[in-house]
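The values are calculated or read from the model by the stated rules, or taken from the named source; none is laboratory data. Not measured: the values here are computed from a predicted model. No Cβ is skipped: glycine too gets one built from the backbone with ideal geometry, and neighbour counts run over all protein chains shown. We work out accessible area using only protein heavy atoms, side chains counted, and drop any ligands, DNA or RNA first. Shrake-Rupley method; radii C 1.70, N 1.55, O 1.52, S 1.80 Å.
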Amino acid sequence: MATIETVTLEVADPTAANRFYTTAFGLDTQIRLRASEVPTTGFRGFTLSLTVSQPANVDSLIDAALDAGATPLKPAAKSLWGYGGVVQAPDGTIWKVATSAKKDTGPATRQIDEIVLLLGVADVVASKRFYVDQGLVVAKSFSRMYVEFAAGASPVKPALYRRRALAKDVGVSPDGTGSHGLLIGSDAGPFTDPDGFAWEAAATATTP
C-alpha cells in the first residue's frame, strides 16, 4: 500500500515558516520546508487539516496560529458536523483546524490527532482512479465529491475534494495560477497527477 511519507511546502523563507509552524501548531518533523521563488497566486489548490479531539483544542491551535502571524479566513464556529475554523499561514498555506466533537471533555491542549492533506481536483472520480493505479488504497469514498485514502503509518492522510468545493469550504476564491507550492514524498512517486500535484520518491524528499 502506497502512503505519504513526507509533505514539503515550498516557501520564500523556510526559517520564518519553520518558526511559524513550530510556534503555532507544534509541527516540526511532520511538515518539511523548501526554499522556492516559483510564482503562485490565489488558491494553490490544496489545504492541510488538523483534526483534534474537542473544540477547546481547535481554539487553542487557532489562537496560537493567529498570534504567530496567521490570517483568519473563517472564525472557529459550530456546524452540523462539529466545530472548526480556517487560517492562512504567512507562507500562504491554508490550514483548517476541526473536531467532530461539539463539547469539551477536558482542559484545552494542542494535541493533534490527525493531519489530512486535501487536494482540490477537477474530477474526483478520475483522480481517484489515477491514485488507485499508483497504489493508494481507498478508505472512504462519497460519490463524486470526496475520497479519503488509507494513511497506514504515515502522519499525513491524503484525500481528494472538488477544487471549487474545497475553496468554498475554506472561504477563498477557487481561482489561482502558478505553482501549487507543494511536493509530496511517497513510495509511490515520482509522478505528477492530473491536476499538476507533484509526487516525488520519498528517498529524495529532503530539506536542503
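This table checks each residue for (1) without any contact (Cβ under 8 Å) to a residue 40 or more places away in the chain; (2) within 15 Å of ALA24 (Cα to Cα).
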{"residue": "PRO90", "(1), (2)": "no, yes"}
{"residue": "LYS103", "(1), (2)": "no, no"}
{"residue": "ALA108", "(1), (2)": "no, yes"}
{"residue": "ASP113", "(1), (2)": "no, no"}
{"residue": "VAL124", "(1), (2)": "yes, no"}
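Taken together, the residues in region 28-67 that are small (Gly, Ala, Ser), touching a residue at least 60 places away in the same chain (Cβ under 8 Å) and within 25 Å of ARG110 (Cβ to Cβ) amount to 2. Tell me the residue from THR47, THR71, THR41 that is modelled with pLDDT of 95 or more, hydroxyl-bearing (Ser, Thr, Tyr) and open to solvent by 60 Å² or more (accessible area, probe 1.4 Å), please. Answer to the selection: THR71.
Just one of the listed residues (ALA65, ALA17) is of a type in the set (A, V, I, L, M, F, W, C), out of contact with any helix residue (DSSP H, G or I) (no Cβ under 7 Å at 6 or more places or on another chain), open to solvent by less than 40 Å² (accessible area, probe 1.4 Å) and outside any strand (DSSP E or B), namely ALA17. Looking at VAL52, VAL58, VAL87 in this structure, which one is open to solvent by less than 10 Å² (accessible area, probe 1.4 Å), in contact with a Leu (Cβ under 8 Å, 6 or more places away or on another chain) and either charged (D, E, K, R) or over 30 Å from GLY178 (Cα atoms) (or both)? Result: VAL52 is the single residue among VAL52, VAL58, VAL87 that is open to solvent by less than 10 Å² (accessible area, probe 1.4 Å), in contact with a Leu (Cβ under 8 Å, 6 or more places away or on another chain) and either charged (D, E, K, R) or over 30 Å from GLY178 (Cα atoms) (or both).
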